[in-house]
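So the structure is just underneath, and the comments pick up after that.
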Amino acid sequence: MAEISHVTGPRGDTLAYAKTEGKGPCIVFLSGYRSDMEGTKAVHLEAWAKAQGRAFLRLDYAGHGASGGVFEDGCIGDWAADAEAVIRHAAPGPVLLVGSSMGGWIGCLLTRRLPGVTGFVGIAAAPDFTEDGFWAGFSEDERRQVMQEGQLLMPSAYEDPYVVTKKLIEDGRRNLVLRAPLPMPWPVRLLQGTEDEAVSRQTALSLLDHIEAEDLRLTFVKGADHRFSTPERLALIEAAIAEIAG
């Protein structure tokens, strides 16, 4: 695996990343909520890109993985700014953004900020999940608790319970991407499992409808769950990247 490097982020946190040199555009993997760059998909795609001679970048947002900072202090806007800072530092040329779950939302935000985007691959992309997932699913008592007390403890299907903060909810509303068209004048591939328990089919369809692109495909994979990390699913991600990377 590529050596871990560090750069100071926009809020002073130490941000960790791993860059593999190779031909461009640089494939940038954006991890999900509470996930990190040591996840199955990130590490697998790094090895695949290296074997292909392609440039590859994986990174940790503040409060995630090997980066500094506290998870509960962060929010979508902060993590998008972290990713932007690392990309501008480590991969200033053309990039192909690959976003998993929350990373798909962050990827959508970065398409508006980075000048050299050449393509976008969303894997179980979860745009606007703080509003359409968390907030929409809260009871009145839970909404009152998070807004008045500043946080709410949420159960997780994968790990220990985690904290949803008022900051996360309010910042999410400032960064929604499914309320207006999303121009993406480059190839886009979206992959979505039919058995995904975290992101609905409707979310994938809504993202399809909002992205403005001439070359856009959404693939539903029967039986695939949110992790999308079996050998067969990983091969689908490789194919999607290879198809639009050139």
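What value, in deg cm²/dmol to 500, does the helix sum -39500 (n - 2.57) over DSSP H runs of n ≥ 4 give at 222 nm once divided by the residues of the chain?
Roughly -10000 deg cm²/dmol at 222 nm, from the helical runs in the chain.
Provide the per-residue ³J(HN,Hα) series for region 211-219, in order, calculated from phi with Karplus coefficients 6.51, -1.76, 1.60 and θ = phi - 60°, each as a whole number of Hz, with x at glycine and proline positions.
Whole-Hz 3J(HN,Hα) from phi for region 211-219: 6, 9, 8, 6, 10, 9, 9, 10, 10.
Which of Ile76, Ile211, Ile123 moves the most in a Gaussian network model of the chain with Cα springs under 10 Å?
Of the options given, Ile211 has the highest mean-square fluctuation.
Compute the FRET efficiency between Thr219 and Met1 as 1/(1 + (r/R0)^6), taking r as their Cβ-Cβ distance and R0 = 30 Å, and round to the nearest 0.05.
Numbers: r = 28 Å, r/R0 = 0.94.
About 0.60, to the nearest 0.05.
Taking every DSSP beta bridge that has both residues in region 1-117, what percent is antiparallel when rounded to the nearest 5?
Within region 1-117, antiparallel bridges account for around 45 percent of the total.
In straight Cα distance, which lysines are under 23 Å from Lys222, not counting same-chain residues fewer than 8 positions off?
Lys41
If Lys and Arg each add +1 and Asp and Glu each add -1, what is the summed charge of the other residues whose beta carbon sits under 11 Å from the beta carbon of Pro185?
Once all neighbours under 11 Å are counted, the net charge is -3.
Relative to the longest principal axis of the C-alpha atoms of the chain, give the angle of the C-alpha long axis of helix 76-90, reported between 0 and 90° and rounded to the nearest 10°.
Long axis of 76-90 versus the principal axis of the chain: about 20 degrees.
For region 129-180, what's the radius of gyration and Dmax over Cα atoms, in angstrom?
Values for region 129-180 (Cα only, Rg and Dmax): 11.3, 35 Å.
Which ³J(HN,Hα) values, rounded to whole Hz and listed in residue order, are derived for region 64-75 from phi using the Karplus coefficients 6.51, -1.76 and 1.60 in 6.51 cos²θ - 1.76 cosθ + 1.60 with θ = phi - 60°, glycine and proline given as x?
Along region 64-75, the couplings run 10, x, 8, 7, x, x, 10, 3, 5, 7, x, 7 Hz.
For region 44-66 and region 184-203, compute the distance between their C-alpha centroids and round to whole Å.
21 Å
With each pseudo-label sitting 7 Å past Cα toward Cβ, what's the Glu131-Gln151 distance in nm, one decimal?
2.5 nm
On the protein heavy atoms, probe 1.4 angstrom, tell me the percent of accessible surface of the chain carried by carbon and sulfur.
Its accessible area is 49 percent carbon and sulfur atoms.
Taking each pair of distinct Cα atoms in region 163-246 once, what is the resulting Kirkwood hydrodynamic radius in Å?
Computed over Cα pairs of region 163-246, the Kirkwood hydrodynamic radius comes out at 14.5 Å.
Translational diffusion coefficient, Stokes-Einstein: compute it for the chain using the Kirkwood radius over C-alpha pairs as Rh, at 10 °C and 1.306 mPa s, and state it as an integer in µm² s⁻¹.
Rounded to a whole number, D works out at 88 µm²/s.
The values are calculated or read from the model by the stated rules, or taken from the named source; none is laboratory data. What you see is a predicted model, and the numbers here were worked out from it, not measured in a lab. Ideal geometry is used to build each Cβ from the backbone, glycine not excepted, and the neighbour counts take in all protein chains shown. Each accessible area value is taken on the protein alone, full model and side chains, heavy atoms only, with ligands, DNA and RNA left out. Shrake-Rupley method; radii C 1.70, N 1.55, O 1.52, S 1.80 Å.
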